[in-house]
Amino acid sequence: MEEKIKEALSSFDEEIKQVTDEQSLESLRIKFLGRKGLFAELFEEFKALPKEEKPKYGQFLNRTKSDCQKRYDELVKSFEKRKKKSKDEFDVSLPGRRNPVGTKHILTQTLDEIKSIFVKLGFSVHQGPELESDHYNFEMLNFPPDHPARDMQDTFFVTKDFVLRTHTSPVQIRLMESKKPPLRAIMPGKVYRNEAISAKSYCLFHQVEGLYVDENVTFAELKSTLVSFIKQFYGEDVKYRFRSSFFPFTEPSAEVDIWWQPEGKEGRWLEILGCGMVDPNVLENVGIDSEKFTGYAFGMGVERIAMLKYGIDDIRLFFDNDRRFLIQF
Ligand code: DAH
């Protein structure tokens with residue numbers, strides 16, 4: 001019996017040294033101190049001893065077991081302490097946790113850049129309503145009723161007299177009605193067209209309208225302003241051209257194209273904006289003396305401008321909110 005007790009103690013000594021975590025601590029308890037553990041077995045054996053042998057081993061067995069129990073209890077306590085400490089401790093040398101930060105949508109970034117270039121050129125920024133009357137969207141801009149030019153724009157009619165604006169040009173009219181020349185402003189915003197949705201066109205897009213009205217404003221100034229914008233936006237080497245065109249609200253009118261050459265593909269001219277000298281009819285419509293004042297205007301498509309700059313080949317990407325697209329900018 002004595003041998004067995006000594007053996008139990010020495011294997012307890014051995015195994016308590018191996019305890020490294022709560023799991024191995026629990027295994028130790030089960031093996032030695034549990035209800036079916038080694039000491040429980042020894043006590044069973046002890047019970048079966050002849051009466052006269054009991055005093056010889058009883059004390060020794062009791063002492064050995066309670067000694068092991070004490071060492072086990074101490075270890076439990078030290079584990080608990082360690083756990084609490086590691087919870088309270090803050091390791092200042094750990095690298096910080098990085099929270100993902102969103103970025104501005106690429107259209108907002110493009111608009112911001114366009115705005116900042118024109119603000120530097122002396123333009124202020126104005127806005128107008130997206131729900132617009134036929135009067136401002138067409139009539140005041142010299143589109144007479146039934147004029148074929150209205151077919152240029154596929155309009156969303158909300159009522160007979162109200163439309164989702166098809167361009168930002170009506171904001172020119174609102175500005176000229178509310179302020180006297182000299183006027184120099186850009187007017188960014190959303191516009192809507194009832195077109196078949198494809199890689200090239202979407203029912204919604206953004207434009208930036210520009211207007212400068214004063215005495216002696218010339219087409220040469222229009223051209224130099226737009227060339228300055230194009231070079232600041234796309235870089236000095238950009239290839240561009242002015243091509244004559246038609247708009248009911250400008251005379252003469254032009255469009256500006258940018259040379260677009262995707263890698264490995266054939267290059268071509270892509271239109272980014274329309275412009276011209278404000279038609280005298282439009283000035284008269286808002287009560288500005290067209291003998292005294294002249295003006296230029298332009299309107300650019302923001303999506304088209306961004307697509308060219310960043311090599312985006314599908315306009316729908318701007319509106320899908322696909323994170324894989326958005327995080328590239
Ligand atoms: N409003 C025209 C469009 O949406 C663009 C435009 C062309 C605006 C010429 C202008 C301009 O101010 O002068 O197609």
Selected residue (only one of Gln328, Gln232 is within 27 Å of the chain's Cα centre (by Cα) and surrounded by 15 or more Cβ atoms within 10 Å (Cβ to Cβ)): Gln232
Inter-residue pairs, beta-carbon under 9 Å, first more than 17 Å from Lys17 (Cα to Cα) and in the stretch 74-86, second part of a helix (DSSP H, G or I), 6+ apart: Lys83/Glu22
Working carefully through the options Val217, Val171, find the one that is assigned by TED's automatic domain parsing to the domain that holds Glu132, of a type outside the set (Lys, Arg), within 16 Å of the ligand (Cβ to nearest atom) and in contact with a Ser or Thr (Cβ under 7 Å, 6 or more places away or on another chain). Val217
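Which ones in the stretch 279-298 are assigned to a loop (DSSP other than H, G, I, E, B) and surrounded by fewer than 18 Cβ atoms within 10 Å (Cβ to Cβ)?
If the condition is that a residue be assigned to a loop (DSSP other than H, G, I, E, B) and surrounded by fewer than 18 Cβ atoms within 10 Å (Cβ to Cβ), then Val286, Gly287, Asp289, Ser290, Glu291, Lys292 are the ones that fit.
Results for (1) closer than 25 Å to Leu141 by Cβ; (2) among the acidic types (Asp, Glu); (3) more than 20 Å from the chain's Cα centre (by Cα), shown as yes or no for each residue.
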site: Arg268; (1), (2), (3): no, no, yes
site: Ile272; (1), (2), (3): yes, no, yes
site: Cys275; (1), (2), (3): yes, no, yes
site: Phe298; (1), (2), (3): yes, no, yes
site: Gly301; (1), (2), (3): yes, no, yes
site: Ile305; (1), (2), (3): yes, no, no
site: Gly311; (1), (2), (3): no, no, no
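Every residue, every condition in (1) over 28 Å from Thr294 (Cβ atoms); (2) part of a strand (DSSP E or B), yes or no:
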site	(1), (2)
Met187	no, yes
Val213	no, yes
Asn216	no, no
Asp237	yes, no
Name every residue in the stretch 272-289 that is among the aliphatic types (A, V, I, L, M) and out of contact with any strand residue (DSSP E or B) (no Cβ under 6 Å at 6 or more places or on another chain), in order of residue number. Val282, Leu283, Val286, Ile288
Which of the following residues is of a type outside the set (Val, Ile, Thr), part of a loop (DSSP other than H, G, I, E, B) and either in contact (Cβ under 8 Å) with a residue 12 or more places away in the chain or touching a Leu at 6+ places or on another chain (Cβ under 6 Å) (or both): Gln127, Gln69, Gln109, Gln172? Gln127
Determine which single condition Leu164 fails, assuming it passes every other condition in (1) of a type in the set (A, V, I, L, M, F, W, C); (2) crowded, with 18+ Cβ neighbours inside 10 Å; (3) not assigned by TED's automatic domain parsing to the domain that holds Ala196. (3)
Please verify whether Ile305 is within 16 Å of the ligand (Cβ to nearest atom) and either buried (at least 21 other Cβ atoms within 10 Å of the Cβ) or in a loop (DSSP other than H, G, I, E, B) (or both), treating the condition exactly as stated. yes
Please indicate, with yes or no, whether at least one residue in the stretch 53-63 is surrounded by fewer than 11 Cβ atoms within 10 Å (Cβ to Cβ), part of a helix (DSSP H, G or I) and not polar (S, T, N, Q). yes
Might you check whether a residue that is within 16 Å of the ligand (Cβ to nearest atom) and part of a loop (DSSP other than H, G, I, E, B) occurs anywhere in the stretch 266-276? no
What is the one condition in (1) closer than 22 Å to Lys115 by Cβ; (2) surrounded by 16 or more Cβ atoms within 10 Å (Cβ to Cβ) that Thr250 does not satisfy? (1)
Among (1) touching an Asp or Glu at 6+ places or on another chain (Cβ under 8 Å); (2) over 16 Å from Lys200 (Cα atoms); (3) away from the ligand (no atom under 16 Å from the Cβ), where does Tyr296 come up short? (3)
Kindly establish whether Asn137 is within 12 Å of the ligand (Cβ to nearest atom), on the phi > 0 side of the Ramachandran plot, buried (at least 19 other Cβ atoms within 10 Å of the Cβ) and among the polar types (S, T, N, Q). no
Take the conditions within 15 Å of the ligand (Cβ to nearest atom), farther than 16 Å from Phe219 by Cβ, under 31 Å from the mean Cα position of the chain (by Cα) and assigned by TED's automatic domain parsing to the domain that holds Ser169 and apply them to Leu317. Does it pass? no
Any chance the stretch 246-259 includes a residue that's within 20 Å of Tyr310 (Cα to Cα) and within 11 Å of the ligand (Cβ to nearest atom)? yes
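The values are calculated or read from the model by the stated rules, or taken from the named source; none is laboratory data. Note that the coordinates shown come from a computational prediction; the quantities given were computed from them, not determined experimentally. With ideal geometry, Cβ positions are generated from the backbone for all residues, glycine too; neighbour counts draw on all protein chains shown.
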